[in-house]
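This report refers to the structure that appears directly beneath it.
The values are calculated or read from the model by the stated rules, or taken from the named source; none is laboratory data. Since the structure is predicted, the reported quantities are computational estimates derived from the model, not experimental observations. Positions of Cβ are generated from backbone atoms using ideal geometry, with glycine treated the same way; all protein chains shown enter the neighbour counts. Quick note on the areas: whole protein, heavy atoms, side chains included, nothing else; ligands and nucleic acids left out. Shrake-Rupley method; radii C 1.70, N 1.55, O 1.52, S 1.80 Å.
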Protein chains: 2
Amino acid sequence: MGTSERIERERHAKRALIMDAARELFLERGYDAVTLRQIAERIEHSTTAIYVHFADKFDLFQQLVHDDFRRFDDALTRHAGIADPVERLQRIGRAYVEFALTMPRSYEMMFMRPQLKAEFEKVPPTSGGAEPGKAAYQTLVATCVDLVHQGRLRPGLIDPLAVAQAVWSAVHGLVTLQLRCEHEPELQWRSREEVLGVLMTMICEGILRPTA
Amino acid sequence: MGTSERIERERHAKRALIMDAARELFLERGYDAVTLRQIAERIEHSTTAIYVHFADKFDLFQQLVHDDFRRFDDALTRHAGIADPVERLQRIGRAYVEFALTMPRSYEMMFMRPQLKAEFEKVPPTSGGAEPGKAAYQTLVATCVDLVHQGRLRPGLIDPLAVAQAVWSAVHGLVTLQLRCEHEPELQWRSREEVLGVLMTMICEGILRPTA
DNA sequence: CCTGTTACGTAACGGTGTTACGTAACAGAT
DNA sequence: ATCTGTTACGTAACACCGTTACGTAACAGG
């Protein structure tokens, strides 16, 4: 009989119910400002119900971040098939920025938290085993490997990992500062397109061997 | 009689006592993990004593960050006198990275917090009026203005502010990712010198007009 | 019908930031 | 010398937080 499957389905549905409410609140107010009682009230349960499905508040939060990382992976690995590594790098970079700026609170959750301490218990949610975010990183690294192998980089740049990490740094810095500064009038922060344009120029002219 | 001055001096001393204890604890454990009762106990007072000198926990924290910003300003404006804007930019960049990596928790407090909401009440601590961090930013902007005026940048780069913001983004991204990733074995993060070297190459080759 | 498990509500615990209130110290005025 | 207003600060409380001990009702499997 399919009753155990139904139970499993209901359990999963309730878990999703909690996560949806939690996501909405976390995105709207940030981690610290959200209360388990708020989440519970929104779904008309007691806080105890949350503890049935999650170990604690941080665990619940982590599951949400985990999902965001999967979407993030999807958004970047989508361009992994582009043959020309230069164009691929540019596409990945722009996809990265677009993801971060269209889902800013998700990006904050993922990359702008004070150090997340231990997080080795992430195997259960994804059966695949590969942890989230890794695929996006591998796509970037692979692109830099191609750039090196095809001799597209300036003579001094021979370590694909160092190049990948420098590029990632630049793009990550762009979005984090953009999110924090774009509405501070005293800084006269330039538009997303302007700063991104300069940064992309900087990255490409900076690491690519001149072709002329 | 100098008694009112003595009172002022004592008041300032007690304020400093609180801030020293708080700084130590915040740097050691981070904002959320520190308790007003812990701070109070360390200096053998009750929590009420803290409220005599600071509006609330966040205000106390903010004063500390404010001081860090002054040191930050000092560290960067020190190189403002260098004549050659290219060398000046490099020195500023390296000073930025050194500050961030030698005082990582301070840097976290300053630039890696989830949005700090309203912070318009900062006039009292500094009599000067100019808010902290502004001097460092102005130094960077002025350097980019010089680069543009001296025709040292690539043809497309004509907006000094956009260039300054892109450069800041790159360096900020470097230190934040470095702080978060350098001890994650799976990423195979490269050493500070390696990634910084690639990034500095990227910045200089990326924005400077080729001299050959 | 029994029995073990599971989901979940009630009520509590210890700890948090914050504050109402009382008090003791004390500078300045009378 | 006494009064008075202000200031610093301790005590004890408040409301709220994450978390948990405990009870219970539902219910699948035997």
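Kindly evaluate B:LEU36 against the criterion of being in contact with a Lys or Arg (Cβ under 7 Å, 6 or more places away or on another chain), within 10 Å of DNA strand C (Cβ to nearest atom) and open to solvent by less than 60 Å² (accessible area, probe 1.4 Å).
The answer is yes for B:LEU36.
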Does A:GLY2 meet the test of being away from DNA strand C (no atom under 15 Å from the Cβ), at pLDDT below 95 and within 14 Å of another protein chain (Cβ to nearest Cβ)? no
Lone qualifier among B:GLU10, B:GLU24, B:GLU28 - being outside the structural domain of B:PRO132 (by TED's automatic domain parsing) and over 20 Å from the mean Cα position of the chain (by Cα): B:GLU10
From (1) open to solvent by less than 20 Å² (accessible area, probe 1.4 Å); (2) not assigned by TED's automatic domain parsing to the domain that holds A:HIS172, pick out the condition that doesn't hold for A:PHE72. (2)
Can we say B:PHE58 is within 14 Å of chain A (Cβ to nearest Cβ), in contact with a Leu (Cβ under 7 Å, 6 or more places away or on another chain) and either assigned to a helix (DSSP H, G or I) or away from DNA strand C (no atom under 13 Å from the Cβ) (or both)? no
Members of segment A:5-31 that are within 14 Å of chain B (Cβ to nearest Cβ), open to solvent by 90 Å² or more (accessible area, probe 1.4 Å) and within 14 Å of DNA strand D (Cβ to nearest atom): A:ARG29
Residue by residue through segment A:170-186, note down the ones that are surrounded by fewer than 17 Cβ atoms within 10 Å (Cβ to Cβ) and under 22 Å from the mean Cα position of the chain (by Cα). A:GLU182
Could you check, for segment B:101-123, whether at least one of its residues is among the aliphatic types (A, V, I, L, M), surrounded by 14 or more Cβ atoms within 10 Å (Cβ to Cβ) and modelled with pLDDT of 95 or more? yes
Within segment A:42-63, the residues that are buried (at least 17 other Cβ atoms within 10 Å of the Cβ), farther than 30 Å from A:GLN138 by Cβ and more than 10 Å from DNA strand D (Cβ to nearest atom) are A:HIS53
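Please go through segment A:32-41 and give me each residue that is within 14 Å of chain B (Cβ to nearest Cβ) and either more than 10 Å from DNA strand D (Cβ to nearest atom) or assigned to a helix (DSSP H, G or I) (or both), ordered by number.
Correct list: empty.
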Given the criterion more than 16 Å from DNA strand D (Cβ to nearest atom) and part of a loop (DSSP other than H, G, I, E, B), identify the matching residue among A:HIS66, A:HIS79. A:HIS79
Scanning segment A:188-207 residue by residue, those open to solvent by less than 50 Å² (accessible area, probe 1.4 Å) and more than 7 Å from every other protein chain (Cβ to nearest Cβ) turn out to be A:SER191, A:LEU196, A:GLY197, A:MET200, A:CYS204
From (1) under 24 Å from the mean Cα position of the chain (by Cα); (2) modelled with pLDDT under 95; (3) open to solvent by 40 Å² or more (accessible area, probe 1.4 Å); (4) more than 7 Å from chain B (Cβ to nearest Cβ), pick out the condition that doesn't hold for A:THR126. (3)
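Name the single residue that is surrounded by the fewest Cβ atoms within 10 Å (Cβ to Cβ) among those in segment A:141-169 being part of a helix (DSSP H, G or I), more than 11 Å from chain B (Cβ to nearest Cβ) and touching a residue at least 40 places away in the same chain (Cβ under 8 Å).
A:ALA142
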